[in-house]
Amino acid sequence: MTYPYGLKSNPYPSSPTPTEHDAKIFGGTKHQEAKNSIVECISELYKQTTRRNSNENDFRLITIVQDVGSGKTHLALHIKGMKTRQDIVTAYVDLSTISPKTHESIYSSIMRGFNREMFAELKEKFLMQICDKAQKGDNLAKKTLGYGFVDRLKGVTIKQKAEEILYDKNMVSKDALTSYLGAHYSQHESAVVYGVITNSFDKITNLDDLHGRLGAICKFSHNLLGKVILFEFDELDAQEGTLEFVKSLINAHIPASILLLITTPSLYLDIQRANPSVFDRLEKANYKIDLAGANSVDELIEIAIEYIKEADKTERFNKKEQQDLAAKIRVLCDEFPEFRNVRSIINILNHAIEQASSLDASEITEAVIDETIKHTYPGLKIKGSIMEVPISEFIKIKRTAGATQSQVKQAIANLVNYAHEIGNVSKSAKQNPSFDVVYSDPYGTKIGIAVVMDDNHTKNFETISNVVKSSAFVDKLIIITNTSIPTSSMATIVNVDKSKVIDLLYFSNQYTEHKINEPESEKIKILAKTISVI
């Protein structure tokens, strides 16, 4: 299967919710700035706690607030998956997947949210500590590893016994382990070490258990692995269970840890109403990251292009093609607000890549986007369009409509020519330089049309004033303009918006290329009536 731009596969994720694999690709200026702020917080805390025991002052709170589809989850998962960082361990929790939200259910989700590598590293550290104790003669440590007289006779070393447990070739003696831990660790630390070594974590029953276990994990991560812990809680809501948990975690100030809370503006206001105390704590966060602008067109273009650049191994996706795709995305976002967020634009581009592949297109063309929208967003229309302009034609017109005034003048001339051909009007053979076109209606009324659509609206006023002075040459004067001016007894003023301009330019293209069909003829008549041509 061939894909556009010489790609081997579709670079855009198909799932509306990003995965850790998807989140490896990261683009967009606003998102990069947000990432840098989080990394700065991590680095600052890491440096502060290096070479000393951490305390309650070594706790940080970060909030991320922005709309649905703005890339918040993508950012969180990208941070979690940063393999180049050696100073952090991350647990990601999607609170929307937890019901009911109790301390136990959230704690269990936190434990599942850690990468397995962290527990594997801790397990090795714990077993090597037990091994070291056993080698120094600690009988509880020896019993924990299952090391005895027979092992000595066989020449098996204590380290070998520890490695057998590490690689799951043998089981630890749970009773001996419990006794050993009780002699060397606190209650909560013992529970964590026991869980890591046996791959089985006990449930918590109260807040003391929750804070104690999480505190122990952060302590071991800091002291043994040299890393701080980042707790990421996505989809933070205003439910009582959620807020009670968050408040307790903030108040606990667990050393060597960062709490990252992600929510939307509407839910943030709900939190303010539901629990002002929690809201006050969120407002005092060390870092408050607002992804405002994350759904701007420029940001979306940067993100979209980054996916293809990352997947482009042959550098086939050059600057020209990047600019071409950017122009198409810009038109889509400008016309359809529903596409103006990260999630939606990624979704439509995922389908566009597949559509291009099925059409054997070498790039995402206007026709590809047209087919994509027909299949993915059936019924989507250009707002206010009488001609029901296809998306592909709309994008072409928007991208090439540089000299709008001259193009609209030609379109009006073509519209009158068409009306003349079907017998609705009679075009005058002798034209007047004051007007763009002169014709007579079926009643013999002589009509002159002038198009005044310069970007300089002050200049338009002057031009319109001069045209009105020529109204004596016709029975009726029609002025088509993009400038709001008062009504005049001497002229019919027709203000055209962008959808009307697109309709006119689309009609003109169809007329010039002799592509007008019967259904379109009725739409053309309606278009002509809306601008007073017939």
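The values are calculated or read from the model by the stated rules, or taken from the named source; none is laboratory data. All values derive from a computational prediction rather than experimental measurement. Note that each Cβ is placed from the backbone with ideal geometry, even for glycine, and that neighbours are counted across all protein chains shown.
If VAL68 meets every condition in (1) surrounded by fewer than 21 Cβ atoms within 10 Å (Cβ to Cβ); (2) at pLDDT 90 or above; (3) farther than 23 Å from LYS309 by Cβ apart from one, which number is that one?
Condition (2) is where VAL68 drops out.
Which one of these is surrounded by 15 or more Cβ atoms within 10 Å (Cβ to Cβ) and touching a Phe, Trp or Tyr at 6+ places or on another chain (Cβ under 6 Å): LEU291, LEU261, LEU243, LEU282? Reasoning before the result, please.
On the way: LEU291 fails: touching a Phe, Trp or Tyr at 6+ places or on another chain (Cβ under 6 Å); LEU243 fails: touching a Phe, Trp or Tyr at 6+ places or on another chain (Cβ under 6 Å); LEU282 fails: touching a Phe, Trp or Tyr at 6+ places or on another chain (Cβ under 6 Å).
That would be LEU261, the only listed residue that is surrounded by 15 or more Cβ atoms within 10 Å (Cβ to Cβ) and touching a Phe, Trp or Tyr at 6+ places or on another chain (Cβ under 6 Å).
Would you tally the residues in the stretch 196-218 being buried (at least 19 other Cβ atoms within 10 Å of the Cβ) and within 17 Å of GLU117 (Cα to Cα)? Working first, answer last.
Step one: list which residues in the stretch 196-218 are buried (at least 19 other Cβ atoms within 10 Å of the Cβ), which gives 196-197, 204, 210-218.
If we keep only those that are within 17 Å of GLU117 (Cα to Cα) too, we end up with 196-197, 217-218.
Residues that pass the stated criteria total 4.
Name the residues in the stretch 99-116 that are assigned to a loop (DSSP other than H, G, I, E, B) and of a type outside the set (Gly, Ala, Ser), would you?
Kept after step one, since they are assigned to a loop (DSSP other than H, G, I, E, B), are these residues of the stretch 99-116: 99-102, 115.
Once the filter is applied, which keeps residues that are assigned to a loop (DSSP other than H, G, I, E, B) and of a type outside the set (Gly, Ala, Ser), the stretch 99-116 yields PRO100, LYS101, THR102, ASN115.
One line per residue, one yes/no per condition, for (1) in contact with a strand residue (DSSP E or B) (Cβ under 7 Å, 6 or more places away or on another chain); (2) at pLDDT 95 or above; (3) closer than 19 Å to THR97 by Cβ:
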residue	(1), (2), (3)
PHE231	yes, yes, yes
ILE258	yes, yes, no
LEU261	yes, yes, yes
PRO265	yes, no, no
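How many residues does the stretch 387-433 hold that are touching a strand residue (DSSP E or B) at 6+ places or on another chain (Cβ under 6 Å) and modelled with pLDDT under 85?
3
Is it fair to say LYS136 is surrounded by 12 or more Cβ atoms within 10 Å (Cβ to Cβ) and either at pLDDT 95 or above or of a type outside the set (Phe, Trp, Tyr) (or both)? Steps first, please.
On the way: surrounded by 12 or more Cβ atoms within 10 Å (Cβ to Cβ): no; either at pLDDT 95 or above or of a type outside the set (Phe, Trp, Tyr) (or both): yes.
So LYS136 does not fit the description; no.
Cβ-Cβ under 9 Å, sequence separation 6+ or interchain: first residue in the stretch 32-55 and in contact (Cβ under 8 Å) with a residue 12 or more places away in the chain and among the hydroxyl-bearing types (Ser, Thr, Tyr), partner surrounded by 20 or more Cβ atoms within 10 Å (Cβ to Cβ) and part of a helix (DSSP H, G or I). Which pairs?
Going by the 9 Å Cβ cut-off, the qualifying pairs are THR49/HIS222; SER54/LEU45; SER54/CYS218; SER54/LYS219; SER54/HIS222.
Among the residues of the stretch 510-534, write down those that are loosely packed, with under 15 Cβ neighbours inside 10 Å and among the basic types (Lys, Arg).
Of everything in the stretch 510-534, those that are loosely packed, with under 15 Cβ neighbours inside 10 Å and among the basic types (Lys, Arg) turn out to be LYS515, LYS529.
For the stretch 143-192, which residues satisfy the criterion of being surrounded by 14 or more Cβ atoms within 10 Å (Cβ to Cβ), among the hydroxyl-bearing types (Ser, Thr, Tyr) and under 22 Å from ARG116 (Cα atoms)?
Within the stretch 143-192, just SER190 meets the criteria.
Given (1) more than 28 Å from the chain's Cα centre (by Cα); (2) of a type outside the set (Lys, Arg); (3) surrounded by fewer than 21 Cβ atoms within 10 Å (Cβ to Cβ), identify the lone condition not met by GLU235.
Result: GLU235 fails condition (1) only.
Being of a type in the set (A, V, I, L, M) and part of a strand (DSSP E or B) is the filter here, so list the residues in the stretch 488-508 that pass it.
At the first step, the residues of the stretch 488-508 found to be of a type in the set (A, V, I, L, M) are 490-491, 493-494, 496, 501-502, 504-505.
Selection gives ALA491, ILE493, VAL494.
Going through ASP202, ASP237 one at a time, which residue ends up being part of a loop (DSSP other than H, G, I, E, B) and within 24 Å of HIS74 (Cα to Cα)?
Of ASP202, ASP237, the one residue that is part of a loop (DSSP other than H, G, I, E, B) and within 24 Å of HIS74 (Cα to Cα) is ASP237.
Let's see how each residue does on (1) over 14 Å from ASP67 (Cα atoms); (2) of a type outside the set (Asp, Glu); (3) not in a strand (DSSP E or B):
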{"residue": "LEU243", "(1), (2), (3)": "yes, yes, yes"}
{"residue": "VAL246", "(1), (2), (3)": "yes, yes, yes"}
{"residue": "LEU249", "(1), (2), (3)": "yes, yes, yes"}
{"residue": "ILE258", "(1), (2), (3)": "yes, yes, no"}
{"residue": "ARG273", "(1), (2), (3)": "yes, yes, yes"}
{"residue": "ALA285", "(1), (2), (3)": "yes, yes, yes"}
{"residue": "ILE289", "(1), (2), (3)": "no, yes, no"}
{"residue": "GLY293", "(1), (2), (3)": "no, yes, yes"}
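What's the number of the condition THR50 fails, among (1) hydroxyl-bearing (Ser, Thr, Tyr); (2) in contact with a helix residue (DSSP H, G or I) (Cβ under 7 Å, 6 or more places away or on another chain); (3) under 30 Å from LEU166 (Cα atoms)?
(2)
So in the stretch 323-367, with the set limited to residues that are over 13 Å from the mean Cα position of the chain (by Cα) and not in a helix (DSSP H, G or I), which one is surrounded by the fewest Cβ atoms within 10 Å (Cβ to Cβ)?
This residue is ASP360.
Test ILE305 against the criterion of being buried (at least 17 other Cβ atoms within 10 Å of the Cβ), in contact with a helix residue (DSSP H, G or I) (Cβ under 7 Å, 6 or more places away or on another chain), in the same structural domain as LEU77 (by TED's automatic domain parsing) and part of a helix (DSSP H, G or I), and give yes or no. Steps first, answer last, please.
Values: buried (at least 17 other Cβ atoms within 10 Å of the Cβ): yes; in contact with a helix residue (DSSP H, G or I) (Cβ under 7 Å, 6 or more places away or on another chain): yes; in the same structural domain as LEU77 (by TED's automatic domain parsing): no; part of a helix (DSSP H, G or I): yes.
Here the answer is no, as ILE305 does not meet what is asked.
Select from the stretch 469-487 the residues that are assigned to a helix (DSSP H, G or I) and either modelled with pLDDT of 90 or more or surrounded by fewer than 15 Cβ atoms within 10 Å (Cβ to Cβ) (or both) and list them in ascending order. Even if it seems obvious, please write down each step before you answer.
Initially, the stretch 469-487 is screened for residues assigned to a helix (DSSP H, G or I), giving 471-473.
ALA472, PHE473 - these are the residues of the stretch 469-487 that are assigned to a helix (DSSP H, G or I) and either modelled with pLDDT of 90 or more or surrounded by fewer than 15 Cβ atoms within 10 Å (Cβ to Cβ) (or both).
Look through the stretch 106-129, keep the residues that are without any contact (Cβ under 8 Å) to a residue 24 or more places away in the chain and surrounded by 15 or more Cβ atoms within 10 Å (Cβ to Cβ), and return whichever of them is nearest to GLU20 (Cα to Cα). I'd like the intermediate steps shown before the answer.
Within the stretch 106-129, the subset without any contact (Cβ under 8 Å) to a residue 24 or more places away in the chain is 109, 112, 116-117, 120, 129.
Then drop every residue that is not surrounded by 15 or more Cβ atoms within 10 Å (Cβ to Cβ), which leaves 109, 129.
Details: SER109: 16, GLN129: 33 Å.
By that ranking, first place goes to SER109.
Of the residues in the stretch 379-416, how many are part of a loop (DSSP other than H, G, I, E, B) and within 14 Å of ILE369 (Cβ to Cβ)? Talk me through it step by step, then tell me what you get.
Initial filter on the stretch 379-416 (part of a loop (DSSP other than H, G, I, E, B)): 379-390, 401-403.
Still in the list and also within 14 Å of ILE369 (Cβ to Cβ): 380, 382, 389-390.
Of the residues in the stretch 379-416, 4 are part of a loop (DSSP other than H, G, I, E, B) and within 14 Å of ILE369 (Cβ to Cβ).
Looking for something part of a helix (DSSP H, G or I), more than 26 Å from the chain's Cα centre (by Cα) and of a type in the set (Phe, Trp, Tyr) - is there at least one such residue anywhere in the stretch 51-72? Show your work before the answer.
As a first pass, look at the stretch 51-72 and keep what is part of a helix (DSSP H, G or I): 72.
Retained after the next criterion (residues that are more than 26 Å from the chain's Cα centre (by Cα)): none.
Taking every residue of the stretch 51-72 in turn, none turns out to be part of a helix (DSSP H, G or I), more than 26 Å from the chain's Cα centre (by Cα) and of a type in the set (Phe, Trp, Tyr).
Which of the following residues is touching a residue at least 40 places away in the same chain (Cβ under 8 Å), more than 23 Å from the chain's Cα centre (by Cα) and outside the structural domain of ASN350 (by TED's automatic domain parsing): ARG273, ARG316, ARG281? Before the answer, list the steps.
Details: ARG273 fails: touching a residue at least 40 places away in the same chain (Cβ under 8 Å); ARG316 fails: outside the structural domain of ASN350 (by TED's automatic domain parsing).
Only one candidate qualifies: ARG281.
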